[in-house]
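What follows is one structure encoded as structure tokens, with my remarks underneath.
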Amino acid sequence: MKITDILNNGKYSLSFEVFPPKTDTNFEVVKNATFEIAKLLPSYMSVTYGAGGGTSKFTLDIAKSIQEKYAVPTLAHLTCVSSTKDDVKEKIELMKKLGIENVLALRGDLTEELIKSGRDNCDYKYAVDLIKDIKDSKADFCIGGACYPEVHPESKNRVEDIKHLKEKVDAGCEFLTTQMVFDNDLLYNFIYKIREAGIEVPIVVGIMPITTKNTVKRALELSHSFLPKKFITLVDKFGDDESAIKQAGIIYATEQIVDLYANGIQNVHVYSMNKPDVARKIQENLSDILGK
Ligand code: FAD
């Protein structure tokens with residue numbers, strides 16, 4: 001099933017993200033965790049693509065298995081920054097063969113090495129180039145892209161960032177998933193701005209449930225997101241108590257999602273980080289709203 005059919009069906013969607021293992025050794029453990037999440041029958045599941053392509057061989061395997069075993073639609077992430085045009089062609093063909101219908105087309109983070117090289121020899125500079133190549137391949141994929149309510153860290157400013165976001169949509173990106181946000185007001189403001197810029201595709205809001213003190217650190221490194229005072233207080237108070245911080249993080253994420261749904265946001269994606277218990281609790285907390 002195409003992700004846009006889910007996002008446009010007039011119902012609230014709640015999807016989960018999983019990431020493949022870094023090595024073969026824990027492949028089965030990770031795969032089983034992703035299956036536990038699939039058993040919850042979320043609206044769809046996304047499977048990330050390792051930074052620099054490191055775990056890419058597992059992305060498609062996990063996405064395909066989830067679809068086949070649990071009939072949960074999947075979204076396979078694909079990054080381009082360290083790929084050649086031929087690599088991408090090959091991956092598109094493989095995705096077609098495996099029955100993958102949805103792709104999140106991303107640039108990928110820049111490694112030190114790529115930054116030093118000036119990226120002169122790279123086939124891909126931006127996600128928009130990947131989107132164009134996927135479109136040109138005539139593969140019948142539903143293509144999504146990433147967006148940044150608090151501006152992508154490399155962007156000069158919001159205006160530039162939204163201009164480039166619009167280029168991705170014009171090139172064929174049919175929906176956008178946001179970087180994690182902890183403050184819904186920032187998100188509402190961003191949506192107002194992108195709609196004003198003529199971006200009309202569905203927006204899926206990314207929510208990261210904080211379950212350990214370390215997740216906060218990691219989340220900030222990845223996203224540079226603003227943390228509201230309410231959130232900082234919660235981490236300060238419960239951060240050293242493993243079960244209390246997990247419970248507080250799940251409640252905080254749930255409250256954020258309820259607020260989003262109440263304010264007309266239809267589609268929410270939870271960065272569930274291969275944690276079935278966290279995904280389950282959040283879905284249970286929303287069961288009546290979701291009709292599950
Ligand atoms: P782009 O859309 O290319 O944007 C990158 C920067 O370039 C922005 O600052 C943009 O404004 C600017 N830009 C774009 N076009 C132009 C242009 N023509 N001229 C000048 N500047 C331009 N990373 C992974 O490695 N694997 C994953 O699975 C993964 N999943 C993600 C999922 C989501 C929802 C999000 C939000 C991020 C994910 N990332 C993932 C991280 C992502 O790869 C990084 O945030 C990366 O730095 C940017 O990727 P992008 O696709 O948004 O890039």
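Let's see how each residue does on (1) within 26 Å of residue 76 (Cβ to Cβ); (2) in a helix (DSSP H, G or I); (3) away from the ligand (no atom under 14 Å from the Cβ):
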site: 190; (1), (2), (3): yes, yes, no
site: 195; (1), (2), (3): no, yes, yes
site: 198; (1), (2), (3): no, no, yes
site: 218; (1), (2), (3): yes, yes, no
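When you look at residue 154, is it in a loop (DSSP other than H, G, I, E, B), surrounded by fewer than 20 Cβ atoms within 10 Å (Cβ to Cβ) and near the ligand (Cβ under 10 Å from one of its atoms), yes or no? Write out each step before concluding.
On the way: in a loop (DSSP other than H, G, I, E, B): yes; surrounded by fewer than 20 Cβ atoms within 10 Å (Cβ to Cβ): yes; near the ligand (Cβ under 10 Å from one of its atoms): yes.
For residue 154, the condition - in a loop (DSSP other than H, G, I, E, B), surrounded by fewer than 20 Cβ atoms within 10 Å (Cβ to Cβ) and near the ligand (Cβ under 10 Å from one of its atoms) - is met.
Can you find, within region 60-106, the residue that is surrounded by the most Cβ atoms within 10 Å (Cβ to Cβ) among those that are polar (S, T, N, Q) and within 12 Å of the ligand (Cβ to nearest atom)? It would help to see each step written out before you state the result.
Narrowing region 60-106 to residues polar (S, T, N, Q): 65, 67, 74, 79, 82-84, 102.
With within 12 Å of the ligand (Cβ to nearest atom) added as a condition, the list becomes 79, 82-83.
Working: 79: 24, 82: 21, 83: 22.
Checked region 60-106; the qualifying residue surrounded by the most Cβ atoms within 10 Å (Cβ to Cβ) is 79.
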**OP:** Give the residues of region 104-134 that are at pLDDT below 95 and closer than 20 Å to residue 221 by Cα, sorted by residue number.
**Re:** 108, 109, 110, 111, 112, 113, 114, 115
Subject >> Residues satisfying the stated conditions in region 164-180, i.e. more than 12 Å from the chain's Cα centre (by Cα) and in contact (Cβ under 8 Å) with a residue 24 or more places away in the chain >> reply: 164, 165, 166, 167, 168, 169, 171, 172, 173, 174
Subject >> Matching residues, region 6-55, being free of Cβ contacts under 8 Å to residues at least 24 places away in the same chain and part of a helix (DSSP H, G or I) >> reply: 28, 29, 32
Original post:
Which of the residues that make up region 157-179 are open to solvent by 20 Å² or more (accessible area, probe 1.4 Å) and either touching a strand residue (DSSP E or B) at 6+ places or on another chain (Cβ under 7 Å) or over 16 Å from residue 202 (Cα atoms) (or both)?
Top reply: 157, 158, 159, 160, 161, 163, 164, 168, 174, 179
Subject >> Residues (in contact with a Pro (Cβ under 6 Å, 6 or more places away or on another chain) and either under 30 Å from residue 264 (Cβ atoms) or at pLDDT 95 or above (or both)) located in region 34-56 >> reply: 36, 37, 44
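The values are calculated or read from the model by the stated rules, or taken from the named source; none is laboratory data. Note that the structure is a prediction, hence the values are computed from the model and not measured. No Cβ is skipped: glycine too gets one built from the backbone with ideal geometry, and neighbour counts run over all protein chains shown. Remember, those area values only see protein heavy atoms, side chains included, never the ligands or the DNA or RNA. Shrake-Rupley method; radii C 1.70, N 1.55, O 1.52, S 1.80 Å.
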